[in-house]
Structure formats: C-alpha cells, structure tokens
1. Could you name the aspartates and glutamates in cross-link range of K222, using Cα to Cα under 17 Å and dropping any fewer than eight places away on the same chain?
2. Using modelled amide H (1.01 Å from N, peptide plane; none on Pro or chain starts), what sits under 5 Å from the amide H of L304, excluding residues fewer than 5 places away?
3. Cut-off under 19 Å on the C-alpha distance; same-chain residues fewer than 8 positions from K297 excluded. Which aspartates and glutamates are left, in chain and number order?
4. Going by average Cβ density within 10 Å per residue, which order do the peptides 38-47, 101-110 take, highest to lowest?
5. Rank these by accessible area, largest first, 1.4 Å probe: R83, R266.
6. Give me the extension gain from D301 to D252: residue separation times 0.36 nm, minus the current Cα-Cα distance, reported in nm with one decimal.
7. Q350 to I281: extension gain in nm, 0.36 nm per residue of separation minus the Cα-Cα distance?
8. Using 12 Å as the cut-off for backbone N distance, which residues of region 442-473 belong to the label zone defined by a point 7 Å from the Cα of A494 along Cα→Cβ?
Amino acid sequence: MPQTNSQGVSQVSVNPGQAKDQFKAHYVELLQSRLGVGFAVGVVLVPLFAVVDWRLARPFFGLFLSLRLGAAAVMALLWLINRRRSGQAWQEGLTIAGALTVAVMLETMLVAMGGTGSNYYAGLTLLLIAAIVLIPIRLGVAVCLAASVLLVYLVPLAIADTPLLGGNALLHNTGTLFSASMLLLGANWLHRAALLGQFKLRAQVQERERQLDTLNASLEEKVASRTAQLAHSEARYRSLVDSNPQLIYTLDNEGTYSFVGPRVGRLMGYRPEEMLGKYFIAFVRREDHRHCVRAFKQVRDLGLVLEDVEYRVIRADGEERIFLSYTAPLVDDQGKVNGMIGTAVDVTRQRALTAELVKAEDQERRRIARDLHDGVGQYLAVSKLQLSKAAESAEGRERERLTQVQALLDQAIADTRSLTARLSPRVLDEIGLAPALEWLAEQGRERYGLEVEFCCTDEVEVHDGLLRGFLFRAVSELLLNCAKHAKARRVEIAMSRDERALNLSVGDDGIGFDPAQHVNSGTGLGLFSLHERLDLLGGKLEISSPSRGGSLACLTVPLATVAKAGKDADDQPHTSG
C-alpha cells in the first residue's frame, strides 16, 4: 500500500502475502514462457543433431535418429500441454518431463556406444545446466530434477552386464555430475532470488506508475479547474474593464503603454492599438510633462501609489482635456516593480461646472455686497445722522443713552463695511491677488491686533476674477480662524508657485484648532466648503500642526485650473456690476 513520508512524498510498501501471490503468478507465467521456447527449440534442434551422430557414431546412426525423432515427438507433445495448461504443478512437471526425455535419450545413446560415449556424457551435463539455470524453478523441484538426471545416468551403468566405463571413469563422471548439480542448484537459487528482487522492484515501479497516473489525473483535473477559473476571472475582468467609464491602462518601466482600455476611444479619440508601445508623455500637454514624469518615477522607483494627479492631454482631434489619474505599481513575486497600472477620468466638465458655480457664487456675493452697501449701509448711515441730530438737542440722561446707541450704530456700520469688503473686495479688481492679500494682512493687524506678515516669493497672476475672489476669501477664512480659535499672536501668509500648482499657506503660532469643530465658521465659506470647492478645482487643503507649534494650512490649486480659468475669463465679455 502507498504511504506518505514527512515531506508529503508518497512511498510504496508491498504487502508480503500479496507480493508472494503476485510473484507466484509471475513465476508460473515466466516458467510457461521459457518452457514453451525450450520445447519448440528442442523439437527443431534435437533431430538436427543427427548430423553429429553421422560423423561421430555412424554405426549407431539409425538407432540414434529414431531416438531423436522420438524425443522430438515427446517435446512437441509437451509443448502442446504447455500451451493449454498454465498451473504451477503442470509447468514444473513439464520441466522435469522434458529434462528426463532428453536425459533418457542421451543415456540410451551412451549405453549403446559403451566407452566411446564421453561426448554424450558432456551433452548430459549441458542438459543439466540448461534445465536448472535457464529455468528458475523452485529449489525442491530443481533437486528432484538433478536427482532424476543422476539416476538416469547411474542406474543403467550400475546394472549393465559389462561396465561401459572403468571404475575410475564412472566415479569421476559421477562426482563431476554431482558437483555440477550442487553448483547449479546454488546458481538456480541465486537466479530465483534475483528474479524475486526484480519482481518486487517491478511491482514497486508499477505501483509508482499507478500513483503517478492518479497524480497526473488529479493535476490535469486541477489544471482544467484552474483554467476554467482563470477564464472566468479573465471574462469578469474584461467585463469590468469594458464597462468601466474610466480609462484603464498599464505602463512598463520605460513609460510605454502595454495595455489601454477600450474607453480610450471616447476619452481621447484613439484606438487602443494606436497607443500601445508609445510613451504616455507623447499625449500630455508640454507644460505638464515635468510633473507627470516626476509622478511616473515616484511610482516606478519608490513604489508609491499616487492619487489625484492632474494633467492636460491632447485628444486625437487636437482638443485639450483635463484628466485626473490614479496610479499604482505592479509588483512581481520578488517585490520588484515591473510596471504600473492606472485609471484616468476626464474632469474637464467638472472643472467647467466648478467655474460656473464659482461664477454664480461670486455674482451672488457681489449682489449681496451691493445690497448691503446700497440698502442696509445707507439705512444705517441715515439712522446715525438722525440720531446725531437728536443727541444734539437732548440733555442729561437721555443724551447719554443716545450716545450709546450711536456707538452701537458705528459698530454696525463698521461690521457691515467689513462684511461687504469680504464678500466682494473691490481691491481684488483694482490691484490683483497679491496686493489684495497684502491689504488683507493689514486688515488683520488693524482688526484683530495680530502681527500678520505676507510673503510672495514668485510672480503669480490670476486673471480670472472669480478664482481670485475664491482664493482671497479662502485666505480670509483661514486668517479669521487663526484670530478666533488659535489664540495666535503672529500669522504668516505666503504665496508661491511651482511647475504644476499655485500654493497659498497660512501659518500661526497659536494653540491650533480642530478643523472638524469649525467647518462652518466665519463668512459661511467654512473649512468643509473649502475642501469641497478645492476638490472640484482639482486642488486640496491640508491642515497640520508643525513641531514648532501652532497650525499650518496649505492650499494648492493646479496651474492647469488657473490657466483654464484665465482663458475662460478672456473669452467672456466683461461686464460691470
């Protein structure tokens, strides 16, 4: 039975009883096969040896020929029995019968020839060798066969009236035959032992082959099952890729497309095969090459996963579109990056909707600011004028009360003007974003008593009034948070740009604050609204607490959005309001 070792490898062990039965069947089959061949050869060769009789014993040729033909006939009969009877006893009996047939024939020839039959004595020895060695019969059967041959040789010589051989020759030949019998019996035992070992080895090989066949069938079944699973997974993957509205692609480590999803036709106007093998940078607007290559190297060399990488692409028809991509590395079994997979979505329409939303919001802010200035502001101013006249004619306690009300009106007028300035600061349209932020810093010093500094390291122009207004209000909101919640004394406002984005930051030395607790403070823009609006613009807002203390808010807007907003502003007719 097969067993399994500690390494999980199947080993073969053969049941002794089962092996004995199998060997017996094998032994009978082998004995029958060799006897069949031996009898067939004897039928042919025994008569042919009459040629030897003609040359060596011509006076006895007729007798010897008759003996040979009779022996051949007996062998033919034994051959027929061998073909029809396959039992062990039958085959061993046929072995002895065949050997005795030839032995009787040779002994008869030896008796007939007298002392001149030494050559036939040699033939008798060869018969013994052939019977015992060539046919691996059982030891007991071999002993019986050897004893029978010796008796066939010795008995006629012992009862003959006239000794055919001298006493010394008879003794010598008998001893020789006996010694040969002993040696050949040993050889027969070794032959049989070797045959048994060979059979056991063959049984183990056959068992191993059966196990290998079983294992192969199991492996084929597993391979077929895994192939079906892979085919199902591939079909599902293909369905997901084909139905995904985003562009799915893979790049090799050189930056060339190795796979492009079918959505590329709708998004970029190319067929997938037109992009395969080409560098991804060939489809990106030149101004965005630098930051796209840098993002590619971060994924390939550092194994980073990059989200929200924005860039402009040129469609096959020459139209420019804004894409937002997600890229992750493809890693092999050794952990080595051998490519990357990414998705990209066209956000051009979202950016346009964002611009429209900002425009509508800015117009609404301007309208509210105008209503505050022309309505509430005028009413407050007239009320202050009337109250001043009434205070001049009042005396004593009444005059004191009117003075207090007048102070409240002054504060209301100041707050209204401040709110109007924050909703729609005229300074933005008159001097631009950077000077407006400098003005905002001065207002922070005057209004909140903070030490506010503004720094602009790069020349930055934002031509679109709506985007300028949003950025101004965002910084104003962050400055207000510093004053109300951070308990800061010093605030730094900075504006700069790099190859892909416009950067604004507001840092303070206060105690910091939790953004989640103040999402709707100040003018109503709120940190939540800032995050939401920047997400639509492709930008982001990050608030952190530096190791030196305080808080730092960093606002980033892609230059692609800034440029697109400026272009749209140039294309729109200018209106006053």
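The values are calculated or read from the model by the stated rules, or taken from the named source; none is laboratory data. Please read all numbers here as calculations on a predicted model, not as lab measurements. Glycine gets a Cβ as well: all are built from the backbone with ideal geometry, and neighbour counts include every protein chain shown. Accessible surface is based on the protein model in full, side chains and every heavy atom, while ligands, DNA and RNA are left aside. Shrake-Rupley method; radii C 1.70, N 1.55, O 1.52, S 1.80 Å.
1. K222 reaches D213.
2. Here the answer is V299, since their amide H atoms fall under 5 Å of that of L304.
3. Hits, sequence-local ones excluded: D252, E254, E287, D288, E307, D308, E310, D332, D498, E499.
4. Details: 38-47: 16.9, 101-110: 22.3.
Put in order of decreasing packing, that is 101-110, 38-47.
5. Values: R83 165, R266 135 Å².
If we order R83, R266 from most to least accessible, we get R83, R266.
6. Details: separation 49, 0.36 × 49 = 17.64 nm, distance 1.24 nm.
Full-extension gain reported as 16.4 nm.
7. Gain on extension, Q350 to I281, equals 22.5 nm.
8. 454-458
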